[in-house]
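These notes concern the structure reproduced below.
The values are calculated or read from the model by the stated rules, or taken from the named source; none is laboratory data. Please read these numbers as outputs of a predicted model, since none were measured by experiment. Positions of Cβ are generated from backbone atoms using ideal geometry, with glycine treated the same way; all protein chains shown enter the neighbour counts. Heads up: the accessible areas ignore ligands, DNA and RNA and are worked out on the full protein's heavy atoms, side chains in. Shrake-Rupley method; radii C 1.70, N 1.55, O 1.52, S 1.80 Å.
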Amino acid sequence: MRYKSTRGGVGDLSFIDAFLMGLATDGGLIVPCHIPSVDLDALKDLSYKELAFEIFKLFVDDIPDGDLKGLIEKSYSTFDTDQITPLVRRDGVFVLELFHGPTFAFKDVALQFLGNLFEYVLKKRHTYVNVLGATSGDTGSAAIYGLKGKENVNIFILHPHNKVSPVQELQMTTVEDGNVFNLAVEGTFDDCQAIVKTIFNDLEFKERYHLAAVNSINWARILAQIVYYFYAYFRSGLDEVYFSVPTGNFGDIFAGYMAKRMGLPIKRLILATNSNDILYRFVNFGDYSTGEVVKTLSPSMDIQVASNFERYLYYLFGSEERVKQLMDEFSRKKKLSFDGDILKKVREDFESYKADEENTLNTIKSFYEKTGYIIDPHTAAGVFAAEQSGHEDVICLSTAHPAKFPEAIKMAIGIYPPQPEAIANLKNKKKRMWVVDNSVEEVKNFIEKNLEKG
Ligand SMILES: *Cc1c(COP(=O)(O)O)cnc(C)c1O
């Protein structure tokens, strides 16, 4: 498989080159040159790891089979169940538990793999990287747990100061490994993301210091996330399904879109947002325009610009030229409008509902009352959307363990969720974190002082 940029300025990359590039050097996102289709019958009885191997192989031809198997084995051995992403059924609702990795959220599924992939690739190429990323909470801790202690890698993670949950902050900042740097930026998640984008667009700086990304823009993350759509479908025993996906940066749901395009019988993807509803407005009204970021009970979805959206635009229009025009227009006007046949096409792939704070709390409460099962606020947005859709045969992606958001759970049902030991122990650990201004220069200076130099 070869890879190219959504904006046409980069082409013919191998998987490893695409992985190392992160954001394409022309400012676009990396996509495969074609979408492979799958033989469902050949995949349906495989274990998670076997399935991961078969799906990865369709997109990776520059890692020998034995090595790829080894990477998968190592990456998913840190999960607390062999099923990796168990599908459970509560009160007729399918819940896909994506939180069995070391940081109790779905991003581990991709980032445990990415950490091992980095180590493997860097060793092979006798080089090093400095990973730079922005997080609204879960990406940061998952990236840190993926990369901590790995050789020839330093990791710099920006998060909005005091705007991530206490558990998320503890998970990120209590890691002792010397290659991990937490920067708390005085600003919002979008500010953090803008700083990272600006630094990556400074190609001279990026190349001089071997900067790399692990954000949801990295194609390897999307790839890892495609697997559980297949896994869940096969375990559901259904012929055709809907997936309800709590969405922020459009990464997770884009993986579902790829699965659909590869031939998985997904009727439509249900896109769930919280009050930060740019994607909800896009699907329902063709209005992709930014507003102010509002702080909600589901902070990992508190975004206004969805960084993976450009990938979907590429498939929607099938033209690099058009994507480039649209992204230029968006950076000028902070707004794109769609209608007619294009919007119709969007609605063949997606439907969307938004859960405000009250909907979120009520859904946690009613689901608990019906089933005794506690869902976290992100998952609740997806379960709410599934209810709103009125469809049966919906698989709801559960993106985080409720213990990551104890205050929201307490608000909803009056009790705290049971806390896994690994989370309870974080409070006793020492913190490592640096507070910085919302400034590109300050972040650049910090990186220059704390680099991995190989
Ligand atoms: C990151 C995250 C999301 C949103 O995922 P995207 O890929 O950004 O759409 C939803 N829920 C949780 C718990 C997350 O950490």
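Being modelled with pLDDT under 95 and assigned to a loop (DSSP other than H, G, I, E, B): is that true of residue 248 here? Spelling it out, residue 248 is indeed modelled with pLDDT under 95 and assigned to a loop (DSSP other than H, G, I, E, B). For segment 136-156, residues that are open to solvent by less than 10 Å² (accessible area, probe 1.4 Å), farther than 18 Å from residue 113 by Cα and under 15 Å from the mean Cα position of the chain (by Cα) total 1.
Open to solvent by less than 10 Å² (accessible area, probe 1.4 Å), under 26 Å from residue 225 (Cβ atoms) and under 20 Å from the mean Cα position of the chain (by Cα), is that true of residue 404?
Answer is yes for this residue.
Output the residues belonging to segment 293-323 that are out of contact with any Gly (no Cβ under 8 Å at 6 or more places or on another chain) and within 12 Å of the ligand (Cβ to nearest atom). Residues satisfying the conditions are 296, 297, 298, 305, 309, 311, 312. Note on segment 32-49: residues that are within 22 Å of the chain's Cα centre (by Cα), more than 20 Å from residue 20 (Cα to Cα) and not in a loop (DSSP other than H, G, I, E, B) amount to 2. Considering segment 58-91 alone, what residues qualify as being in a loop (DSSP other than H, G, I, E, B) and either polar (S, T, N, Q) or under 23 Å from the mean Cα position of the chain (by Cα) (or both)? 60, 77, 78, 79, 80, 81, 82, 83, 84, 85, 86 - these are the residues of segment 58-91 that are in a loop (DSSP other than H, G, I, E, B) and either polar (S, T, N, Q) or under 23 Å from the mean Cα position of the chain (by Cα) (or both).
In segment 100-116, of all residues being touching an Asp or Glu at 6+ places or on another chain (Cβ under 8 Å) and not in a helix (DSSP H, G or I), the one that is surrounded by the fewest Cβ atoms within 10 Å (Cβ to Cβ) corresponds to 102. Only one of the numbered conditions (1) closer than 30 Å to residue 422 by Cβ; (2) open to solvent by less than 20 Å² (accessible area, probe 1.4 Å) is not met by residue 36, and that is (1). In segment 349-377, the qualifying residues are those that are assigned to a helix (DSSP H, G or I) and among the polar types (S, T, N, Q), and the one that is most open to solvent (accessible area, probe 1.4 Å) is 362. Of the residues making up segment 117-135, those that are open to solvent by less than 10 Å² (accessible area, probe 1.4 Å) and under 23 Å from residue 69 (Cβ atoms) number 4.
Looking across segment 271-292 at every residue that is within 13 Å of the ligand (Cβ to nearest atom) and hydrophobic (A, V, I, L, M, F, W, C), the one that is farthest from the chain's Cα centre (by Cα) is identified as 278. Going through (1) away from the ligand (no atom under 16 Å from the Cβ); (2) within 25 Å of residue 172 (Cα to Cα); (3) open to solvent by less than 70 Å² (accessible area, probe 1.4 Å); (4) in a helix (DSSP H, G or I) one by one, residue 343 falls short only on (2).
Of the numbered criteria (1) modelled with pLDDT of 95 or more; (2) surrounded by fewer than 20 Cβ atoms within 10 Å (Cβ to Cβ), the one residue 94 fails is (2).
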